[in-house]
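Contents: one structure, followed by commentary.
The values are calculated or read from the model by the stated rules, or taken from the named source; none is laboratory data. Note that the structure is predicted; figures quoted are calculated from it, not measured. Backbone-built Cβ (ideal geometry, glycine too); neighbour counts: all protein chains shown. Protein only, heavy atoms only, side chains kept; ligands, DNA and RNA dropped before computing areas. Shrake-Rupley method; radii C 1.70, N 1.55, O 1.52, S 1.80 Å.
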Amino acid sequence: MSVKSNRDNPSAPRGGETGAKGDSNRMWGGRFAGGPAEIMERINASIDFDRRLYAEDIEGSLAHAAMLVRQGIIRQEDGAAIKAGLEQIRGEIEAGTFTFSRALEDIHMNVEARLKEIIGAPAGRLHTARSRNDQVATDFRLWVRRAIDGLEAGLKDLTAALLDLAEPHAGTIMPGYTHLQPAQPVTFGHHLMAYVEMIQRDRGRLADARRRMNENPLGAAALAGTSFPIDRDQTAKALGFDRPMANSLDAVSDRDYALEYLAAGSILAVHLSRLAEEIVLWTSDGFRFVRLSDAFSTGSSIMPQKRNPDAAELVRGKAGRVIGALQSLLIMMKGLPLTYGKDMQEDKEPTFEATDSLALCVAAMAGMVRDMTPDPAAMARATKNGHLTATDLADGLVRVLGLPFREAHEITGRIVRLADEQGKALWDLPLKALQSVEPRITPELQKVLSVENSVASRTSVGGTAPETVRRAIAQARARYL
């Protein structure tokens, strides 16, 4: 959306800019004889960022006006004029011809001032039985609800990308790590499926937040409700809310829906950052497990050989912005008594910025996953290090010889030390070497040291056996897409 300033488009409809300070005072100010100081106007204005609420503001006003007409609170002809004027304003904003005025403080007053220019006196009836307090609470809930819906679409796409990459690599063996040290063999498909599950919990948290926030504040007015015979159920239905909020004080004063959204968004950002970190590692010389094309890599201004995974690094970095937005809103809200305080104007910028960052990171991650070219040979080479099947040998000693696990663990540790002394991998040790530590080891037991056998044996639910992974992918497709 392109929104023009007076400087960009001096011939555009003025939106209340001419005489704006006077218009502002008339809107909230019979009590005030003079205008605000210039610095007060600057710190008080929110239009530079809350103009993003224009669609929600107009949607809420249309629902409110329709309810006022139906309840006989305003005349039908006034309601029709208000509706036509609001539709015109929406068209002007979307066309980029609307002029926003800082002197009119916020999106609500900017829209109302322009509505008065278009339809005259009936515009003053729109605010009947409504306050800016319940108006902004409604607008912001609608905006956050749409932000969640947008993220859900992006996360579903990311899920599909992960599943599409995991499926052909359900049997591609790679090292699994703890402490970033080689631990046990897993498959690349299994590794990717871990992120599929994380993303589904993120989707669930966002859906839970959406469900809890889907109540209508409109009609709470300033803080105590209204004496007009409004129908809050009607406006709730018109705006897609499940019900009106039950307490007018709560309706205008809490922002827990935004906090919960940002908390869920912060966890999502951490998950994206962890996957981004893996991509950074996997594309490095120490791993070379995957390659990103030129579409998701950058070069160096001085080193012509460089291929940098900058998209992944930026996803990793932007997690800090999202987490910071949550902290900002928590700190802002923590000391506020009921009901509304102007501090709460500071809820929108961090929420808007966090939403932009999350949407960009989700899209970038889906793009990188689709762009990645795995290198199974490099992954296979990496399984030669770290004695990845030591646990399989310990388990085999328990299963075949009936040893207590702690004793089997100690025996396996001695065999690992022997392999290190001889400069060999566990599976390269001859049977006689194994039997020098534990004479009861058989040729059949020796086979557990193969990484292929190790992976194939992990058939428990959630395990890394290729067939188990393939089943998990099929189930995920049915459940998550």
What are the residues in the stretch 192-248 that are within 15 Å of Asn133 (Cα to Cα), among the hydrophobic types (A, V, I, L, M, F, W, C) and touching a Ser or Thr at 6+ places or on another chain (Cβ under 9 Å), if any? Leu218, Ala220, Ala221, Ala222, Leu223, Ala224
For Leu272, the lone unmet condition from (1) in contact (Cβ under 8 Å) with a residue 12 or more places away in the chain; (2) more than 26 Å from Ala312 (Cα to Cα) is (2)
Selection from the stretch 88-99 of residues that are in contact (Cβ under 8 Å) with a residue 40 or more places away in the chain and either of a type in the set (Lys, Arg) or exposed (fewer than 14 other Cβ atoms within 10 Å of the Cβ) (or both): Gly96
Please list, ordered by first then second residue, the pairs with beta carbon atoms under 9 Å, 6 or more apart or interchain, first in the stretch 319-338 and more than 20 Å from Cys361 (Cα to Cα), second open to solvent by less than 90 Å² (accessible area, probe 1.4 Å) and not in a helix (DSSP H, G or I). Leu329/Arg255; Met332/Arg255; Met333/Asp254; Met333/Arg255; Leu338/Leu223; Leu338/Asp254
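Taking Ala263 as the residue in question, decide whether it is closer than 30 Å to Ala311 by Cβ, among the hydrophobic types (A, V, I, L, M, F, W, C) and open to solvent by less than 20 Å² (accessible area, probe 1.4 Å). Give the steps one after another, and end with the answer.
On the way: closer than 30 Å to Ala311 by Cβ: yes; among the hydrophobic types (A, V, I, L, M, F, W, C): yes; open to solvent by less than 20 Å² (accessible area, probe 1.4 Å): no.
When the stated conditions are applied, Ala263 does not pass them.
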From the set of residues in the stretch 424-442 that are modelled with pLDDT of 95 or more and in a helix (DSSP H, G or I), which is most open to solvent (accessible area, probe 1.4 Å)? Lys432
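If only one of Thr383, Thr412 is within 24 Å of Gly286 (Cβ to Cβ), among the hydroxyl-bearing types (Ser, Thr, Tyr) and surrounded by 20 or more Cβ atoms within 10 Å (Cβ to Cβ), which one is it? First the steps, then the outcome.
Numbers: Thr412 fails: within 24 Å of Gly286 (Cβ to Cβ).
Testing whether each residue is within 24 Å of Gly286 (Cβ to Cβ), among the hydroxyl-bearing types (Ser, Thr, Tyr) and surrounded by 20 or more Cβ atoms within 10 Å (Cβ to Cβ) leaves just Thr383.
Of Ala380, Ala364, which residue is under 18 Å from Lys318 (Cα atoms), in contact (Cβ under 8 Å) with a residue 24 or more places away in the chain and among the hydrophobic types (A, V, I, L, M, F, W, C)?
On the way: Ala380 fails: under 18 Å from Lys318 (Cα atoms).
Unique residue meeting the criteria: Ala364.
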For the stretch 181-218, give me the residue count where each residue is open to solvent by 10 Å² or more (accessible area, probe 1.4 Å) and small (Gly, Ala, Ser). 4
Do we find a residue being assigned by the TED database to the domain that holds Lys348, loosely packed, with under 15 Cβ neighbours inside 10 Å and in a helix (DSSP H, G or I) anywhere in the stretch 298-307? no
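If you check Asp106 against the conditions, is it of a type in the set (Asp, Glu), surrounded by 18 or more Cβ atoms within 10 Å (Cβ to Cβ), within 29 Å of the chain's Cα centre (by Cα) and not assigned by the TED database to the domain that holds Gly286? Walk me through how you get there before you give the answer.
Numbers: of a type in the set (Asp, Glu): yes; surrounded by 18 or more Cβ atoms within 10 Å (Cβ to Cβ): yes; within 29 Å of the chain's Cα centre (by Cα): yes; not assigned by the TED database to the domain that holds Gly286: yes.
Yes, satisfied.
Check Leu223, Leu281, Leu259 and return the single one that is out of contact with any Lys or Arg (no Cβ under 8 Å at 6 or more places or on another chain), over 21 Å from Ser328 (Cα atoms) and assigned to a helix (DSSP H, G or I).
Values: Leu223 fails: assigned to a helix (DSSP H, G or I); Leu259 fails: over 21 Å from Ser328 (Cα atoms).
Among Leu223, Leu281, Leu259, only Leu281 is out of contact with any Lys or Arg (no Cβ under 8 Å at 6 or more places or on another chain), over 21 Å from Ser328 (Cα atoms) and assigned to a helix (DSSP H, G or I).
Quick check on this structure: which one of Ala209, Ala166, Ala194 is part of a helix (DSSP H, G or I), within 28 Å of the chain's Cα centre (by Cα) and under 30 Å from Met245 (Cβ atoms)?
On the way: Ala166 fails: under 30 Å from Met245 (Cβ atoms); Ala194 fails: under 30 Å from Met245 (Cβ atoms).
Exactly one of Ala209, Ala166, Ala194 is part of a helix (DSSP H, G or I), within 28 Å of the chain's Cα centre (by Cα) and under 30 Å from Met245 (Cβ atoms), namely Ala209.
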Can you name the residue in the stretch 129-160 that is in contact (Cβ under 8 Å) with a residue 40 or more places away in the chain, of a type in the set (Gly, Ala, Ser) and outside any loop (DSSP other than H, G, I, E, B) and is also surrounded by the most Cβ atoms within 10 Å (Cβ to Cβ) among such residues? Ala137
Would you be able to say whether some residue in the stretch 68-87 is at pLDDT 95 or above, more than 31 Å from the chain's Cα centre (by Cα), under 18 Å from Asn216 (Cα atoms) and crowded, with 20+ Cβ neighbours inside 10 Å? yes
When Gly396 is run through (1) open to solvent by 10 Å² or more (accessible area, probe 1.4 Å); (2) of a type outside the set (D, E, K, R); (3) in a helix (DSSP H, G or I), the failure sits at (1)
Subset of the stretch 325-370 [hydrophobic (A, V, I, L, M, F, W, C), outside any helix (DSSP H, G or I) and open to solvent by less than 80 Å² (accessible area, probe 1.4 Å)]: Leu336
